[in-house]
Amino acid sequence: MSNKLYFTPGPSGLYPTVPFHIQNALNEDVCAISHRSKKYEAIHENTVQNLKELLNIPDNFHLFFTGSATEVWDRVIENCVEQHSYHCVNGSFSKRFYETAKELNKNATKIEVEFGKGFNADDLNAPIETELICLTHNETSAGVSMPVSEINKVKDKYPNALIVVDAVSSMPYPNFDYSKIDSVLFSVQKGFGMPAGLGVWIVNERCIEKSKLLQTKGISIGTYHNLPSLLSKGINNQTPETPNVLGIYVLGKVAGDMLSIGIDNIRKDTETKAKLLYEFIQNSTNFEIFVNEPAHRSQTVIVANTVIPSPQINKILEPHNMAIGTGYAKYKEQQVRIANFPAFSIDDVEKLIEKLKL
C-alpha cells in the first residue's frame, strides 16, 4: 500500500484508519447488503449519530446522504428557493453555487469580490425578498475562509432568510453555531480523508417546511432526493435509493475515530499545523502568503504564490512520497494549495515544510 502523503485539497490523503475500515467492510459483506436491511439501518444510524456528536449538531437537524456536495447545490436551491437566492462569491466554487441557482431559473443575485478576498457580514446587501443566503465557509480555490463569527452575524442581520453554508473543504474543523444557520453541506474526500463519492447534507426543520411549502404550490423540488423524500426514509435510517453503503459505513467509523481523539484536539492540531505552514511561507523566499487578511486565511487549505512553478515543486517532492495541490485553474502554475486536514499529523506537516525549503 502506498504511504505517499497527498497534501492535495481534494481528493486528499486518506485518513490513517480508512484502509482498515474498508477491509472490515469487505469482511462483513457490507458492499452486498440491501439498503432496506436491518444491517444497513444500523450502519446508517451509527454514522448519523457519530457525526451529530462529533460536530455538535442539535437534535432538530437532519443528516442526509447524497452522491456529492455538488449535488447538494442543486437540492438546496430546488428545495429552499421559490424565486430569490443571494450568493457571496469569491472564488470558483462559490461562483459555481451561484451559477447553479441561475441554471435552475432562480432570480439569484450575488455580491462578488476579487479572488483572494473574503467576506464579513457587514459586506452583505441581500435584497429584502431574499429567501436563501448562500455562504462558503472555505473557498477551496482561493484558500479564503469566512470566520464563523461573521457567519453568525449574517443570521442576526437577515433573520427571515435561510442560511446555507458550504463547508466542503473545512469540515470537521469549523465549530458552527447551529442556531445561526439552517443548512450545511460537505463531502468526504477532504477533511474526512475518504474516497470521493459521498455528500452529507445537514438541514433543520425550517428547510424541511420550506420544501413542503414549495411542493404544495406545485413548484418542482426535485425527485428522489427532495427533502420530503429524504426525510420519509431518513427517519427510518434509510435512503430513497440504493446509496453508497461502503462510504456511509466508513464515514461512521472515521467519525467514531475522531470522537475518540476529540474534536477539540483535532481543531487545536489543525490550527497548530496551519500556523507552522503560514510561518514557513511568510519567511520563505520562494513562497508568499496569498490571502492578505489574516482573519480570512483558511486553516484547512493554505494557498501561497510561488516563484517556482507548482508542477516543478511536485517533481521535487515526488521522490519523498509527497504531493501538494497546484493552484486552481489559471493560477495552476503560479500558486500552490496545501491541504491541512485531520489525516495529516503535525510531524507530517513538519516533514513537508523541510522538503519545501527548496
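FYI, it's all coordinate maths here, none of it is from the lab. All values reported here derive from a predicted model rather than from experimental measurement. So basically every Cβ, Gly included, is an ideal-geometry build from the backbone, and we count neighbours across all protein chains shown.
So for the stretch 257-346, what are the equivalent ellipsoid semi-axes in whole Å, largest first, each being the square root of 5 times an eigenvalue of the Cα gyration tensor? Write out the running numbers ahead of the final one.
On the way: eigenvalues 118, 52, 25 Å².
In descending order, the three semi-axes are 24, 16, 11 Å.
Pull out the extension gain between Leu259 and Lys275, defined as 0.36 nm times the separation in residues minus the alpha carbon to alpha carbon distance; nm, one decimal.
Details: separation 16, 0.36 × 16 = 5.76 nm, distance 2.37 nm.
My answer for the length gained is 3.4 nm.
Connecting C-alpha atoms closer than 10 Å in a GNM of the chain, tell me which of Thr136, Thr100, Thr216 has the biggest fluctuation.
Thr216
Can you tell which of Leu124, Leu227, Leu63 shows the greatest fluctuation in a Gaussian network model of the chain with Cα springs below 10 Å?
Highest fluctuation of the listed residues: Leu124.
What do the square roots of 5 times the Cα gyration tensor eigenvalues come to for the chain, in whole Å, largest first, as semi-axes of the equivalent ellipsoid?
Numbers: eigenvalues 209, 144, 54 Å².
After scaling each eigenvalue by five and taking roots: 32, 27, 16 Å.
Hey, fewest Cβ within 10 Å first, where do Asp182, Asp59, Asp257, Asp156 land in order? Walk me through the intermediate numbers first.
Values: Asp182 25, Asp59 6, Asp257 19, Asp156 9.
Listed from fewest to most nearby Cβ atoms, that is Asp59, Asp156, Asp257, Asp182.
At 0.36 nm per residue, and after removing the present C-alpha to C-alpha distance, how many nm does the segment from Ile316 to Glu28 gain when stretched out fully? Working shown, then result.
On the way: separation 288, 0.36 × 288 = 103.68 nm, distance 4.13 nm.
The span from Ile316 to Glu28 would gain 99.6 nm if fully extended.
If you plug each phi of the stretch 10-16 into the Karplus form 6.51 cos²θ - 1.76 cosθ + 1.60 with θ = phi - 60°, what whole-Hz ³J(HN,Hα) values come out, in order, with x for Gly and Pro?
Coupling constants for the stretch 10-16: x, x, 10, x, 5, 4, x Hz.
Kindly identify the stretch 128-246 as rounded, prolate or oblate by the Cα gyration tensor criterion: order the square roots of the eigenvalues as a ≥ b ≥ c, call it rounded if a/c is under 1.5, otherwise compare a/b with b/c, prolate if a/b is larger, else oblate.
Values: a/c = 2.11, a/b = 1.08, b/c = 1.94.
Because a/c hits 1.5 or more and a/b fails to exceed b/c, the stretch 128-246 counts as oblate.
Hey, can you grab everything whose amide H is under 5 Å from the amide H of Lys110? Only 5+ residues off in sequence or another chain; H modelled, so Pro and N-termini drop out.
His87
When only Cα pairs under 8 Å and 6 or more residues apart are kept, what is the percent relative contact order across the chain? Kindly include the intermediate steps, with their values, before the conclusion.
Details: 690 pairs, mean separation 87.3, N = 358.
Contact order relative to length: 24 percent.
So for each of 168-176, 233-241 I average, over its residues, the number of other beta carbons within 10 Å; can you give me the resulting order with the highest mean first?
Details: 168-176: 23.8, 233-241: 16.1.
Descending mean neighbour count gives 168-176, 233-241.
So for the stretch 1-142, what percent of the C-alpha to C-alpha distances run longer than 27 Å?
Details: 4272 of 10011 pairs.
For the stretch 1-142, the fraction of Cα-Cα distances above 27 Å is 43 percent.
For the chain, what is the calculated [θ] at 222 nm in deg cm²/dmol (nearest 500), taking -39500 (n - 2.57) for each run of four or more DSSP H residues and dividing by its residue count?
Numbers: 11 runs with 138 residues, N = 358.
So the helix-based figure for the chain works out to -12000 deg cm²/dmol.
Classify the stretch 75-184 as rounded, prolate or oblate from the Cα gyration tensor: take a ≥ b ≥ c as the square roots of its eigenvalues, call it rounded if a/c is under 1.5, otherwise prolate when a/b beats b/c and oblate if not. Spell out each step's value before the answer.
Details: a/c = 1.42, a/b = 1.16, b/c = 1.22.
Cα axes put the stretch 75-184 in the rounded bin.
In the chain, which whole DSSP H runs stretch at least 18 Å along their own axis (Cα) and average 0.0 or higher on the Kyte-Doolittle scale? Can you show the working numbers first?
Values: long enough: 38-55 (25 Å, -0.89); 245-261 (25 Å, 1.53); 263-283 (30 Å, -0.84).
Helices meeting the criterion: 245-261.
Which of the pairs Lys190/Lys268; Lys268/Lys315; Lys253/Lys332; Lys332/Lys357 have their Cα atoms more than 29 Å apart in this structure? Mind showing how you got there, number by number?
On the way: Lys190/Lys268 18 Å; Lys268/Lys315 31 Å; Lys253/Lys332 35 Å; Lys332/Lys357 20 Å.
From the list (Lys190/Lys268; Lys268/Lys315; Lys253/Lys332; Lys332/Lys357), the Cα-Cα distance tops 29 Å for Lys268/Lys315; Lys253/Lys332.
Gln215 to Glu114: FRET efficiency via 1/(1 + (r/R0)^6), r the Cβ-Cβ distance, R0 45 Å, to the nearest 0.05?
Numbers: r = 39 Å, r/R0 = 0.88.
So the FRET efficiency works out to roughly 0.70.
Send over the Kirkwood Rh of the stretch 1-84, from the inverse of the averaged 1/r over different Cα pairs, rounded to one decimal Å. Spell out each step's value before the answer.
Numbers: mean 1/r = 0.0616 Å⁻¹.
About 16.2 Å for the stretch 1-84.
What percent of all Cα-Cα pairs in the stretch 192-232 falls into each 10 Å bin, going from 0 up to the bin containing the maximum distance?
It works out to 24, 48, 20, 8, 0, in whole percents.
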